[in-house]
Amino acid sequence: MDTVLYTLCAVSGWIACGYMVRLQRRHPSQARRAICVGLGAFAAGITVAVPAVATAIDQVSGLPNLAKVMSHAGALTISANAEIMLLNFALPPATAATRARRWIWVTACAFLVMVGLFTYTLTYDEPVLLTVEYATDPVVTAYLLIFLLLGFFAYCFDITRLCWSFAKICGRPWLRRGLRITAVGAAFALLYSTNKIVYLIAYWAGYQPTGERQIAAVLVTIGALLITIGLTMPAWGPTLKITRRWEDFHSYRQLEPLWRDLIAALPELELDPTLRRSSTAARDIDYALTRRVAEIRDGRLALRPYTDASVTALAEQLAEQAALTTEERQAAVEAAHLACALRRHGTGLVAAVPQPADELHRPDGGYAGEVAWLTLVTDAYARSPVVAQTLAADGAPHPTAGDARR
């Protein structure tokens, strides 16, 4: 059974690696580079873990357990690169680079110790295997504990935590789904490690339990496939036409609160009133969403004379007090500008010091990034206490209409 499962993982790993390498060549990025390296190491590591391949490597090299060490190197590499990818997503570049270097050094040192322990086992008169069946040998136990506690417990716990936390604030739907699937896969990797440690304890206690290899193969397969799917999903998910249309329609609906208030204040921006009906928009959702995004941006430009620079400092101060993330803070400041500008427009009060156009946030990711960013802004506009507090603290007079929702 383990031959079939490991072969399945190897094939999936090589396919995923090839797909991501192709994307990296077209659209290079630090996070995608980490995924490519991790998937390549995983595919190579799981390939040499296939029993027939492992036996051939050991026989040709004359070194028992060489394939096992190579496989473990691949597991450590994909864990490290998944961690680096998440750090680049969740932290500022300088902080992410510092923490990534720390993980790399820890991993490299741990693996060197593992290689040293493996080399020591080669001096035995009777060869041992780096498996739980030989756990009563202290060197084997030390090797396995270093691998399990670092490669799975430390890494996979942090990967699960980072994925789940970042998914809560991520504006891109397919990235959010991929992060959650990766988190579940990392949780299965934790179960794999727990299973190994339980068997280690059992062998040290004098028991001879069976079935560890089969359990480990199942847990590795589930965890590896989920992590592979999760890491690559942000790349291939948006290409699925049916799901993309649903996501576009969902984004179209999410943008409605901000769009509705902008069109109420600036009705000349609305090019096609028939798109107000969801049924009409759904028939040509690409066009409907494009129009809604364009009209929101046109509204932002039309309100520029009413967008006061003083709102920036006020909104940023309130956002800092609310302990928002960088992206949430930027969205809240943008939403506060729009809310205050709409109120000033309603009273005809032009900003004393207009907000410079070059200070506007410009999201990455092209059109998809623009939609994701405006979705965050709209959510902040409709729900954020920072926006409500900025409106309350802003000195502009209240209009007679156009701000009824607040």
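The values are calculated or read from the model by the stated rules, or taken from the named source; none is laboratory data. This structure is a prediction, so every number in the text was calculated from the model and none was measured. Here the Cβ is made from the backbone with ideal geometry for all residues, glycine too, and neighbour counts use every protein chain on show. All accessible areas refer to the heavy atoms of the entire protein, side chains included, with ligands and DNA or RNA removed. Shrake-Rupley method; radii C 1.70, N 1.55, O 1.52, S 1.80 Å.
Each Lys and Arg contributes +1 and each Asp and Glu -1, all at the Cβ; summed about the Cα centre of the range 189-302, the dipole is approximately 300 debye. Given R₀ = 30 Å, what would the calculated FRET efficiency be for residue 279 paired with residue 309, taking r from the Cβ atoms and rounding to 0.05? Calculated transfer efficiency: 0.10.
Averaged over residues, the count of other Cβ atoms within 10 Å places the peptides 346-353, 261-268, 81-88 in the sequence 81-88, 261-268, 346-353, highest first. Farthest toward the positive end of the dipole of the chain, out of 160, 301, 217, is the Cα of 301, where the dipole comes from beta carbon charges about the Cα centre. Within the range 134-283, the proportion of Cα pairs with more than 18 Å between them is 69 percent. Excluding ligands, DNA and RNA, the accessible surface per residue across the chain is 49 Å² with a 1.4 Å probe.
Give me the percent of the accessible area of the chain that comes from carbon and sulfur atoms, probe 1.4 Å, all protein chains in place.
Reported share for carbon and sulfur atoms: 64 percent.
From the square roots a ≥ b ≥ c of the eigenvalues of the alpha-carbon gyration tensor of the range 10-116, which class results: rounded (a/c under 1.5), prolate (a/b over b/c), or oblate? Oblate, since a/c reaches 1.5 and b/c is not below a/b.
Structure remark: mean-square fluctuation, Gaussian network model of the chain, C-alpha springs under 10 Å; the largest value among 63, 255, 219 belongs to 63. Ordering 86, 173, 40 by the projection of their Cα atoms onto the charge dipole of the chain, which places +1 on the Cβ of Lys and Arg and -1 on the Cβ of Asp and Glu, puts 173 at the extreme positive end.
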